[in-house]
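Undergrad: Would you mind keeping the following structure in view while I ask a few things?
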Amino acid sequence: MITFKLNGREVQGEEGEYILEVAERYGVEIPTLCHHKALEPAGACRLCTVELFDGRRTRFVTACNYPIWEGMEVYTDTDEVRRGRKLIVELLLARCPEVPIIRRLAEDYGIEEPRFKKDEDDCILCGLCTRICERMGNGAISLAGRGVGLKVTTPFEIQSDLCMACGACVSVCPTGHIKLEEITKHTVKPIPSEYDMGLRGRKPIYVPYAQAVPNTPVIDRDTCMHFRTGECKICVQSCSAGAIDHAQQDEAIELRVGAIILAPGFQAFDPGRYEAYGYAENPNIVTSMEFERLLSASGPTMGHLVRPSDGKEPRRIAWVQCVGSRDVHRCDNAYCSSVCCMYAVKQAVIAKEHAGGELDCAIFYMDMRTHGKDFERYYNDARDKHGVRFIRSRIPAIETVKETGELLVPYVNEKERVVEERFDLVVLSVGLETAAEVVELAKKLGVQLTEGRFCKTDPFRPVATSREGIFVCGAFQGPKDIPQSVIEAGSAAAEAGALLSEGRNSLTLTREEPQERDCRGERLRVGVFVCRCGINIAGVVDVEAVRDYAASLPHVEYVADNLYTCSQDTQESLTEVIKEKNLNRIVVAACTPKTHEALFQETMANAGLNKYLFEMANIRNQDSWVHQEDPEAATAKAKDLVRMAVAKVTLLEPLREAELEVNQKALVVGGGVAGMTAARALSAQGYEVCLVERAQSLGGQARNLYRMWTGENIQERLEELIEAVQGDENIRVHLETELGNVEGFVGNFRTTLICRGKEEVVEHGIAVIATGAQELKPKEYLYGEDSRVVTHLELDRMFMNDESALRGIKRAVFIQCVGSREPERPYCSRVCCTHSIESALHLKELNPDMDVYILYRDIRTYGEREYLYRKARLAGILFIPFSLERKPRVSLGQGALKIDIWDPLLCQDIVMNSDLLVLAAAIVPYGDQKLARMFKVPLNEDGFFVEAHAKLGPSEFATDGVYLCGMAHYPKPIDESVAQAQAAVSRAVTLLARQKIKTSGTVAEVNPLYCSSCGVCVEVCPYKAPTMREQGPFAGKAEVNPVLCKGCGICVASCRSGAMSLKGFGNDQIMAMIAHM
Amino acid sequence: MIGAVEAEDTEPTGICEIDIVEKSMHDWQPKITAFLCHWCSYGAADLAGVSRLQYPPNFRIIRVPCSGRVSPKFILAAFRHGADGVWVSG
């Protein structure tokens, strides 16, 4: 260790260190242009000149390459030093008068103009580029020439073959002198960031994206210079944790497993194959995946919507649908990708939100397929409220206007004329396809694929592949959106779980909960974490101001703002900060506790803090999102909310949680396909099930269905399922039974069943609601007035009875969307398009000469159902579109049904006679308010049950222990009902398998000394939690059973003696919030 | 907000006092304390955000586990601390 004086202060350094390094460590700034930590110093720029006193005399040395020695004295900022540096800067400025960094230095040293003759160079000959090139193991450039001719160049001053275009020289050059294109023979392009769809570059060593799990950098062997030349290793030198190991090898790990789940996902279609769209040539034609990044706050433009070519804000954007879907001419993806219509509508609405009203958004589509739950409403709002234009036309080509970079989109309008519109940006709604390597994987595993290269499955076992024990979920099973993928994930887990149920918990490791720190009696130390949520909060609220304000509040020890407080890396740093700063109360100002409280509480538990010492300030959902027009008021509100939260959190105390046994039986309500599948899946996992059906027999709506779109006979399969249920020892079937009453809560329900007047009570730990839906009885198109007008289910009944009259029909007409997508029922019934086409094809099979017409609004044969639509067109079935404003009119005329319809292609009314009119009647929910109230679960305005989360919790309710599947959730075909039933079971099993659960710590408690034994609490509690003590010193006083208590606090508000209090929502705590409002 | 509507609806009368009252009403911003049930109204307020419904920033929401938790004392306390209105929803 060497000790010397730096600006009069005693400092220490290691033998061999240079002055600059030591100074940096002690926070003493010395200017330099030619220094780089990874390179040997050269002393080239001379800017780091300092004054050295060796005991006898003073001299000037360059700090970057002067080794330290014992007893020396260094002065870095004397007048002499500054004078010397000023001269150096002046000389540099004379050489490079236009270089920004030099100009800034000149300003710092008070130089306006150099006294010397000005040159026009931009290289200061610091040699950083040549030194780094050598470090990269290359040496493609060097300093050549002499005297005034000295310069950085390649051998013979020609583009070098040796240069690998790694760009290290460019990245270190302080003046921007190096032009890689002049040095290398190779193409210069950034390494495209996979996460940003190539819209941004990344480094060879990178974290894939901010929320990646694990959040650890990886090295890309293809672009890392060490792997290309064997040199560099700068990362090894700079990683203080010593974590870099270039010698790591890929490992082959052999696992013995009982089941395999395939979830390889999809790849987006590459539109480069469509020459007519010019995607490869014009940067302003982007794919929907790229556009998604442009809209994202963590994307290349931070969510600022601009054109890639020139960074200008677009005023007109077009979406072109079905790129790489429903197309057998330019690619062989004949299927519909299912998700593109909805994502295009979403992108258009978000783009309009980002652009603030001035933006014109047009979507060019063939059929608008918004068949998901609540999607139709979103589509209607996009058109009516947000003004997104929807144009039904397939786009043949896109042309570029060279001068402006604008795009010309020709299309056929409603009047059958070809018109052209100009757009600044075109988004290609690319479809989903299975990647070649996944096809390869399927081959290796021996699982069969469909003609669209998706995994082949059976409608009654939608996630089982052709090979026993291998299951599939997500887009490899067929193109689908997030909710359906999540459902299938649960379904696959249930299937695999059934195979493995015997070995349950035999290989599990129990997570060790970190020891909780006892912080009672400690001084209050509040940590406040303010979230930016990308731009969701920071785009409106001044997050820094809120953070700084929080720091000024009493007891606040630590404040920080985070880009995404919920991200994995922030959770880790949060844990660290809590430990390091010894925080004992935490406030997170972010989104809503309804979605994120649990996550932050888990982090607190990991840091050894009781999770109830926590409060959230809702500055997103209830602030930045609802006051977008008034950033000042939103910021003021955020400060108020943080102040209130801090006031409350300081009064919170650590709470304990009670443990609760979970009854291992299940109740399934509804004996249709979904209910029966759920019962079977629960039984397969070893649980007893009580299956309740209100009808006289099992089967539900499937009893009325003829065959699947894939051709399977439904009745045969249904019989198999019913037999399996009836023969299952674990399942008790209760027919003609309804629910009378439900008591209790998660893990301990007591339900009263009523069967023909007789009551029976069953105890169960969980419940699955699978009550289904029914076909609408139409009130239009002469339904009920003429026997030739039938619904789908009625026609299926005729098929099943094989009625010969059907063969004699000359013309059959189908009308779609009867009662669906209407103002009073603004949802799509999802199954009717496929059902109509399947029935129409069957009519054609019965009588090939029959004329069959399908009158439709949008044909929604999503996924591989599209093949059926194509098959129908090839079979000669005619499709005529109509709009809600011009619905077909049905009347009786001369013995036949007369149908009038406006044909938009012919631009005239068509009148046709028909012997059979089939109405694709809507699927309507039972809207069972009583059941909803009994289980305390919500119904939506259409009457379907509302799941916990539309995307991430589609098969469960927000109410613990109650699960959802089948058409009670939303209209769906059999395969999707089966998948959701299995998914509901898989969610339920995660609870059942735990056997014990913890209740909340937020419960009421009684101070018996204050209790006046009035009994009001016992009276008002809906959960029967308070009772009067029968024994002990406080006999006659109230007490609360923490297991039954739901923490509503009604008893607390009602207690006239002030004996009751609610932990976590105490009087003092709420009063503190009011006082700090 | 209420003041703004009144100011627009009222015909000019020429009486100074009324003008002054109207002006101060126009600038006046009420402060409203909202006690919202965690399970319903608080969730609805979150949903309003998700749907980007815009409303005046005059509310300060206090989350309660149930509207039944709201004691009359809280309402009085809110008025005492300067609230112009109290909203209990659940």
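The values are calculated or read from the model by the stated rules, or taken from the named source; none is laboratory data. In this text, all values refer to a predicted model and were calculated from it rather than measured experimentally. Note that we place each Cβ from the backbone using ideal geometry, even for glycine, and neighbour counts take in every protein chain shown.
Undergrad: Residue by residue through the stretch A:375-426, note down the ones that are exposed (fewer than 14 other Cβ atoms within 10 Å of the Cβ) and of a type in the set (A, V, I, L, M).
TA: The answer is A:ALA397, A:VAL401, A:VAL418, A:VAL419.
Undergrad: From the list A:VAL486, A:VAL559, A:VAL530, A:VAL546, pick out the single residue that is in contact (Cβ under 8 Å) with a residue 24 or more places away in the chain, outside the structural domain of A:LEU613 (by TED's automatic domain parsing) and either in contact with a His (Cβ under 6 Å, 6 or more places away or on another chain) or among the β-branched types (Val, Ile, Thr) (or both).
TA: A:VAL486
Undergrad: Based on this model, can you work out whether A:ARG994 counts as surrounded by fewer than 16 Cβ atoms within 10 Å (Cβ to Cβ) and either within 14 Å of another protein chain (Cβ to nearest Cβ) or under 31 Å from the mean Cα position of the chain (by Cα) (or both)? Break it down into steps so the answer makes sense when it comes.
TA: Numbers: surrounded by fewer than 16 Cβ atoms within 10 Å (Cβ to Cβ): yes; either within 14 Å of another protein chain (Cβ to nearest Cβ) or under 31 Å from the mean Cα position of the chain (by Cα) (or both): yes.
So A:ARG994 passes the test.
Undergrad: Take the stretch B:62-90 and flag every residue that is within 8 Å of chain A (Cβ to nearest Cβ) and within 10 Å of the chain's Cα centre (by Cα).
TA: Correct list: B:ALA83 only.
Results for (1) touching a Cys at 6+ places or on another chain (Cβ under 7 Å); (2) under 23 Å from A:GLN628 (Cβ atoms); (3) modelled with pLDDT of 95 or more, shown as yes or no for each residue.
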| site | (1), (2), (3) |
| --- | --- |
| A:GLY303 | no, yes, no |
| A:VAL306 | no, yes, no |
| A:GLY311 | no, no, no |
| A:SER325 | yes, no, yes |
| A:ARG330 | no, no, no |
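Undergrad: Which residues, counting only those in the stretch A:607-635, are of a type in the set (A, V, I, L, M) and more than 7 Å from chain B (Cβ to nearest Cβ)?
TA: A:ALA607, A:LEU609, A:LEU613, A:MET616, A:ALA617, A:ILE619
Undergrad: If you don't mind, another one. State yes or no: is A:GLN622 surrounded by fewer than 21 Cβ atoms within 10 Å (Cβ to Cβ), assigned to a helix (DSSP H, G or I), in contact with a strand residue (DSSP E or B) (Cβ under 7 Å, 6 or more places away or on another chain) and not assigned by TED's automatic domain parsing to the domain that holds A:MET1071?
TA: Judged against the criteria, A:GLN622 is not a match.
Undergrad: Let me ask another. Quick check on my filter: what residues within the stretch A:833-879 are in a loop (DSSP other than H, G, I, E, B) and either of a type in the set (A, V, I, L, M) or farther than 14 Å from A:ASP367 by Cβ (or both)?
TA: Listed by number, the residues that qualify are A:ASN847, A:PRO848, A:ASP849, A:MET850, A:ILE859, A:ALA875, A:GLY876, A:ILE877.
Undergrad: Does A:LEU660 count as within 14 Å of another protein chain (Cβ to nearest Cβ) and either among the acidic types (Asp, Glu) or over 30 Å from A:TYR926 (Cα atoms) (or both)?
TA: Details: within 14 Å of another protein chain (Cβ to nearest Cβ): no; either among the acidic types (Asp, Glu) or over 30 Å from A:TYR926 (Cα atoms) (or both): yes.
When the stated conditions are applied, A:LEU660 does not pass them.
Undergrad: I would also like to ask the following. Name, by its number, the condition in (1) crowded, with 16+ Cβ neighbours inside 10 Å; (2) not in a helix (DSSP H, G or I) that does not hold for A:LEU721.
TA: (2)
Undergrad: Which residue is farthest from the other protein chains (Cβ to nearest Cβ), if the candidates are limited to the stretch A:1028-1046 and must be within 19 Å of A:LEU660 (Cα to Cα) and more than 39 Å from the chain's Cα centre (by Cα)?
TA: Looking at residues that are within 19 Å of A:LEU660 (Cα to Cα) and more than 39 Å from the chain's Cα centre (by Cα), I get A:GLU1039.
Undergrad: For the stretch B:43-58, how many residues are more than 7 Å from chain A (Cβ to nearest Cβ) and either surrounded by 21 or more Cβ atoms within 10 Å (Cβ to Cβ) or on the phi > 0 side of the Ramachandran plot (or both)?
TA: The number of residues fulfilling the criteria is 0.
Undergrad: For the stretch A:263-286, which positions are assigned to a helix (DSSP H, G or I) and surrounded by 19 or more Cβ atoms within 10 Å (Cβ to Cβ)?
TA: Result: A:PRO271, A:TYR277.
Undergrad: Within the stretch A:566-606, take every residue that is more than 14 Å from every other protein chain (Cβ to nearest Cβ), within 24 Å of B:VAL64 (Cα to Cα) and assigned to a loop (DSSP other than H, G, I, E, B) and give me the one that is modelled with the highest pLDDT.
TA: Among those residues, the one meeting the criterion is A:ASN584.
Undergrad: Within the stretch A:1047-1059, take every residue that is more than 7 Å from chain B (Cβ to nearest Cβ) and touching a Pro at 6+ places or on another chain (Cβ under 8 Å) and give me the one that is nearest to A:GLU1019 (Cα to Cα).
TA: Restricting to residues being more than 7 Å from chain B (Cβ to nearest Cβ) and touching a Pro at 6+ places or on another chain (Cβ under 8 Å), the top hit is A:CYS1051.
Undergrad: Out of curiosity, is A:VAL213 in contact with a strand residue (DSSP E or B) (Cβ under 8 Å, 6 or more places away or on another chain), within 30 Å of A:GLU488 (Cβ to Cβ), surrounded by fewer than 18 Cβ atoms within 10 Å (Cβ to Cβ) and of a type in the set (A, V, I, L, M)?
TA: In short, no.
Undergrad: Can you tell me which residues in the stretch A:130-165 are under 14 Å from A:THR184 (Cβ atoms), at pLDDT 90 or above and assigned to a helix (DSSP H, G or I)?
TA: Of everything in the stretch A:130-165, just one residue is under 14 Å from A:THR184 (Cβ atoms), at pLDDT 90 or above and assigned to a helix (DSSP H, G or I), namely A:CYS133.
Undergrad: Within the stretch A:335-452, which helices (runs of 4 or more DSSP H) (wholly inside it) include 1 or more residues that are within 25 Å of A:MET197 (Cα to Cα) and of a type in the set (S, T, N, Q)?
TA: A:340-355
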